[in-house]
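Notes for the one structure printed next.
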Amino acid sequence: MSKILVISETRDGELRNVSFEAIAAAKQISADKEIVGIVIGDDNLDALANELIYYGADRAVTITHENLKNYTSEGYGQAILAVVKEESPDGIVMGHTSIGKDLTPKLASKLETGLVSDVVGIETDEENVIFSRPIYSGKAFEKKIITDGISFITIRSNNIPALERDESRTGKVETKEVDIADLRIIVKDVIRKASEGVDLSEANVIVAGGRGVKSADGFKLLYELADTLGGAVGASRGACDAAYCDYSLQIGQTGKVVTPDLYIAVGISGAIQHLAGMSNSKVIVAINKDPEANIFNIADYGIVGDLFEVIPMLEEEFKKILV
Ligand code: FAD
């Protein structure tokens with residue numbers, strides 16, 4: 001039977017949502033092929049493997065090894081190559097995350113196959129599966145088809161909705177032993193610097209601050225609003241350069257690319273490099289005291305005003321509805 005492999009990703013022992021979206025993407029590529037979810041780690045991964053099945057995988061394979069506790073491209077690469085060789089899939093899907101971006105070009109070149117990266121939409125006609133991906137910093141979209149052989153496909157978070165979780169689904173969970181050898185790097189531990197809470201790249205709501213927020217203290221207002229909305233805080237490079245927040249929050253051409261349902265840009269002018277990271281958000285709200293600010297050109301809703309007055313008012317109103 002022909003099949004598609006879905007390489008899942010974990011963070012802090014939990015599957016990242018993009019893994020479930022990748023399963024939905026695999027189903028859109030072909031409703032007939034077997035979808036095989038792959039989980040990689042150093043522990044018992046059966047519970048995570050079952051989650052992949054609840055979200056639509058037909059079968060799951062776990063690959064465990066003491067050197068797979070934390071991601072390295074060599075370790076994960078060896079694990080995935082072993083499973084690809086054994087399973088001979090027709091395609092391999094994973095998230096367009098830092099790991100996906102690092103891993104898939106290397107594996108595609110090793111296997112001499114193609115890679116369609118950063119996919120935001122999948123359609124089919126009678127003959128082809130057509131992948132849409134943004135180009136020119138999100139100003140246009142190109143459509144690609146795979147003409148020959150297997151290919152890696154990476155999907156951007158928050159664009160292809162995951163299927164409903166269905167605990168009644170069943171499927172085989174297999175454990176695969178792999179020989180992870182000759183690693184030049186082993187990551188012993190990961191010490192997280194960024195704040196706790198919702199993962200920025202997968203958040204449905206983002207409150208992003210710019211230089212207009214004026215200080216690290218000003219960012220506290222944004223954290224409060226994000227908290228009320230169950231979202232994450234992001235930032236422009238202007239705010240990161242000014243040390244109002246950590247660079248891990250930077251959104252844009254040289255930061256993270258995000259596509260939340262709601263993006264609230266606070267005191268951000270809307271430089272082209274910032275827009276490159278957020279212009280595909282579903283609803284954009286801009287708060288800026290300058291009515292000529294470029295951010296208003298892409299905003300669905302604009303509030304011209306002083307953010308230090310507007311944010312507390314918004315917070316109060318949201319709390320009435322949400323808390
Ligand atoms: P500013 O442009 O200074 O805007 C601040 C805004 O706050 C203004 O519009 C002002 O009207 C408003 N404001 C001030 N006070 C208030 C108030 N009290 N209430 C309401 N509004 C207020 N930038 C990114 O963001 N991400 C990137 O990835 C990125 N990559 C880059 C890569 C390259 C190669 C280069 C050259 C630049 C890059 N930049 C990036 C930088 C980008 O060009 C801008 O300099 C940056 O986005 C500006 O940040 P900002 O909008 O916060 O600051």
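Just so you know, all these numbers are worked out from the coordinates, no wet-lab data involved. On a predicted model such as this, the values are computed, not experimentally measured, just so you know. No Cβ is skipped: glycine too gets one built from the backbone with ideal geometry, and neighbour counts run over all protein chains shown.
Computed values, structure above
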| quantity | calculated |
| --- | --- |
| For Val93, Val304, Val39, order by how many other beta-carbon atoms lie within 10 Å, fewest first | Val304, Val39, Val93 |
| Vicinal HN-Hα couplings computed from phi for the stretch 112-128 (Karplus, 6.51 cos²θ - 1.76 cosθ + 1.60; Hz; Gly/Pro x) | 6, 10, x, 9, 10, 9, 6, 6, 10, x, 10, 10, 10, 10, 4, 10, 10 |
| Inter-label distance, nm, simple model (7 Å from Cα along the C-beta direction), Asp182/Ile135 | 3.8 |
| Order by protection proxy (mean Cβ within 10 Å, highest first), peptides 257-268, 170-181 | 257-268, 170-181 |
| Nonlocal amide H pairs with Val93, under 5 Å, H built at 1.01 Å | Leu5, Val6, Ile7, Ile153 |
| Proximal lysines relative to Lys282, as straight alpha-carbon distance under 26 Å, when same-chain residues fewer than 8 apart are discounted | Lys27, Lys101, Lys139, Lys143, Lys144, Lys220, Lys256, Lys319, Lys320 |
| Loop GluC sites (Glu not before Pro), the stretch 269-323 (other Cβ atoms within 10 Å of the site Cβ: 16 or fewer; DSSP) | Glu292 |
| Over the chain: helical MRE at 222 nm, DSSP H runs n ≥ 4 each giving -39500 (n - 2.57), nearest 500 | -8500 deg cm²/dmol |
| Cα-based equivalent ellipsoid of the stretch 202-302: semi-axis lengths in Å, sorted from largest, via gyration tensor | 16, 15, 14 |
| Label point 7 Å beyond Cα of Arg192 along Cβ direction - residues of the stretch 1-38 with amide nitrogen under 11 Å | 11-14 |
| Net lengthening on full extension, Glu164/Glu224 (0.36 nm per residue, minus Cα-Cα) | 18.6 nm |
| Evaluated at q = 0.13, 0.14, 0.15, 0.21 Å⁻¹: base-10 log I(q)/I(0), Debye formula over Cα of the stretch 37-190 | -0.68, -0.79, -0.90, -1.48 |
| Taking Ser2, Ser8, Ser281, Ser137 and counting other C-beta atoms within 10 Å, the order from fewest to most | Ser2, Ser137, Ser281, Ser8 |
| The chain: most fluctuating residue of Thr72, Thr64, Thr124 per GNM, C-alpha cutoff 10 Å | Thr124 |
| Relative contact order for the chain, counting Cα pairs under 8 Å that sit 6 or more residues apart, in percent | 14 |
| Over the chain: Rg over Rh, Cα atoms, Kirkwood Rh | 1.00 |
| The stretch 1-104 - share of DSSP beta bridges that are antiparallel (%, nearest 5) | 10 |
